[in-house]
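One structure below.
The values are calculated or read from the model by the stated rules, or taken from the named source; none is laboratory data. Everything quoted here is computed from the prediction, not taken from an experiment. Virtual Cβ from ideal backbone geometry, glycine too; neighbours counted across all protein chains shown. Calculation scope for accessible area: heavy atoms of the full protein, side chains included, ligands and nucleic acids excluded. Shrake-Rupley method; radii C 1.70, N 1.55, O 1.52, S 1.80 Å.
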Amino acid sequence: MEANMNLLHDAGIRTTHWLQQRFQGSQDWFLFISYAADLRNAFFVLFPIWFHFSEAVGIRLIWVAVIGDWLNLVFKWILFGERPYWWVLDTDYYGNNSAPEIQQFPLTCETGPGSPSGHAMGAAGVYYVMVTALLSCKLALAPTWPLVPHRVLWTVLWIGFWVVQVCVCMSRVFIAAHFPHQVIAGVFSGMAVAKTFQHVRFIYHASFHRYLGITLFLFSFTLGFYLLLWTFGVDLLWTLEKAQKWCSHPEWVHIDTTPFASLLRNLGILFGLGLALNSHMYQESSRLKQGQQLPFRLGCIAASLLILHIFDAFKPPSHMQLLFYALSFCKSAAVPLATVGLIPYCLSQLLGTQDKKAA
């Protein structure tokens, strides 16, 4: 088994080496793709846009991203996947022969296990939700939007979907963050999660208690799984030592790439969404959203993107881990609270005041 994995890893290292040599001048593009595929952009950019145009799609996007990333963490802890940038330096597979030279980048030194790829899994799940939502919208508008045949739109959107996935996969392999088999597994895992949530209906009308219960379950399961294996002598954070040892620039190792940082970030998003959807602010603003439609929705999108961009600039202090995790959870919870509750409510109150003055 180990011999087979060494062969697979060696093939991946040679693929990374070839990409870095062949596309040496494209490193900025690949780094941008890795940055754009981060789930943070799904929460801070894509979610506000989709939610204010279609609340059901926005809600499904959050659930797919959060549950998909939680499953990704569980899979990583089960599979114990290596990462190229440390495996090529840590292995004795090459013996006296020189190993292929692999370049590292600022986004290379992630600290969690490598299989499956979280970026590939997240991008596949999120973009699957968006593509299927656009196709459903086209079917609903078919009588009033006959200029674009459904088959043409279907072809264009799915070609675009796979172009994005190929770019994300190539980016993660190029920067030596993942082996090819890890990104392929990530893509199909993400699609499976998104496909499953097409048939899950309770998420659109779940109470806050249900959101709270699911958030506590996901956290308890993860912590319990970690502690259970820790009692048997299995350290699930073994990759952190690898990252610190083999990353060529220690400052590239960030605490926000650790497994518990991503877990609390995602659980904060889910908790905040449940709190926002069951708040008085959301109920009040929903009435105006149904009445004024496009202008109000565009205003909510613009205000959300601006405020979340400013909000994202806040970085919790990384020198105190517990404080960092707590503030990361709170910061993430504030994203849907602002997008779903606070911003639409403030705009609805502002427009309501103006209407009263005009009358």
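Quick one: which of 274, 268, 291 is part of a helix (DSSP H, G or I), at pLDDT below 95 and among the small types (Gly, Ala, Ser)?
Answer to the check: 291.
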| task | Go through 304, 328 for me and flag whichever is at pLDDT 90 or above, assigned to a helix (DSSP H, G or I), closer than 18 Å to residue 256 by Cβ and in contact with a helix residue (DSSP H, G or I) (Cβ under 8 Å, 6 or more places away or on another chain). | result | 328
| note | Across the stretch 328-337, the tally of residues that are buried (at least 17 other Cβ atoms within 10 Å of the Cβ) and either among the basic types (Lys, Arg) or more than 15 Å from residue 40 (Cβ to Cβ) (or both) stands at 2
| said: Going residue by residue through the stretch 251-264, is there one that turns out to be part of a helix (DSSP H, G or I) and open to solvent by 70 Å² or more (accessible area, probe 1.4 Å)? | reply: yes
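A quick yes/no check of all residues on (1) within 25 Å of residue 176 (Cβ to Cβ); (2) among the basic types (Lys, Arg); (3) in a helix (DSSP H, G or I):
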site: 26; (1), (2), (3): yes, no, yes
site: 33; (1), (2), (3): yes, no, yes
site: 40; (1), (2), (3): yes, yes, yes
site: 45; (1), (2), (3): no, no, yes
site: 59; (1), (2), (3): no, no, yes
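Restricting to the stretch 164-179, name every residue that is outside any helix (DSSP H, G or I) and closer than 13 Å to residue 35 by Cα. Steps first, please.
In the first step, residues of the stretch 164-179 are kept if they are outside any helix (DSSP H, G or I); the result is 175-179.
Result: 175, 177.
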| Leading residue by the ranking (least open to solvent (accessible area, probe 1.4 Å)) among those in the stretch 12-35 that are modelled with pLDDT under 95 and of a type in the set (Gly, Ala, Ser) | 26
| Hits in the stretch 85-116 (condition: open to solvent by less than 10 Å² (accessible area, probe 1.4 Å) and under 20 Å from residue 185 (Cβ atoms)) | 85, 86, 108, 111, 112, 113, 114, 116
| task | Could you figure out which of (1) in a helix (DSSP H, G or I); (2) open to solvent by 20 Å² or more (accessible area, probe 1.4 Å) isn't true of residue 82? | result | (1)
| said: Pairs needed: first member in the stretch 239-257, touching a residue at least 40 places away in the same chain (Cβ under 8 Å) and within 13 Å of residue 321 (Cβ to Cβ); second member anywhere, open to solvent by 50 Å² or more (accessible area, probe 1.4 Å) and not in a loop (DSSP other than H, G, I, E, B); C-beta distance under 8 Å; at least 6 residues apart or different chains. | reply: 255/321; 256/265
| query | Among 53, 30, which is among the aromatic types (Phe, Trp, Tyr), touching a residue at least 24 places away in the same chain (Cβ under 8 Å) and within 30 Å of residue 282 (Cα to Cα)? | reply | 53
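Using the structure shown, decide if residue 219 is open to solvent by 40 Å² or more (accessible area, probe 1.4 Å) and touching a helix residue (DSSP H, G or I) at 6+ places or on another chain (Cβ under 8 Å). Give the steps one after another, and end with the answer.
Working: open to solvent by 40 Å² or more (accessible area, probe 1.4 Å): yes; touching a helix residue (DSSP H, G or I) at 6+ places or on another chain (Cβ under 8 Å): yes.
Here the answer is yes, as residue 219 does meet what is asked.
Might you check whether a residue that is over 30 Å from residue 29 (Cα atoms), open to solvent by 40 Å² or more (accessible area, probe 1.4 Å), of a type outside the set (A, V, I, L, M) and in a loop (DSSP other than H, G, I, E, B) occurs anywhere in the stretch 182-199?
Here is the first cut: in the stretch 182-199, the residues over 30 Å from residue 29 (Cα atoms) are 196-199.
After this cut, where a residue has to be open to solvent by 40 Å² or more (accessible area, probe 1.4 Å) as well, the list is 196, 198-199.
Checking the rest, the ones that are also of a type outside the set (A, V, I, L, M) come to 196, 198-199.
Filter once more, keeping what is in a loop (DSSP other than H, G, I, E, B): 198-199.
Yes: the stretch 182-199 contains one or more residues that are over 30 Å from residue 29 (Cα atoms), open to solvent by 40 Å² or more (accessible area, probe 1.4 Å), of a type outside the set (A, V, I, L, M) and in a loop (DSSP other than H, G, I, E, B).
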| What number of residues in the stretch 222-250 are surrounded by 12 or more Cβ atoms within 10 Å (Cβ to Cβ), over 16 Å from residue 75 (Cα atoms) and not charged (D, E, K, R)? | 7
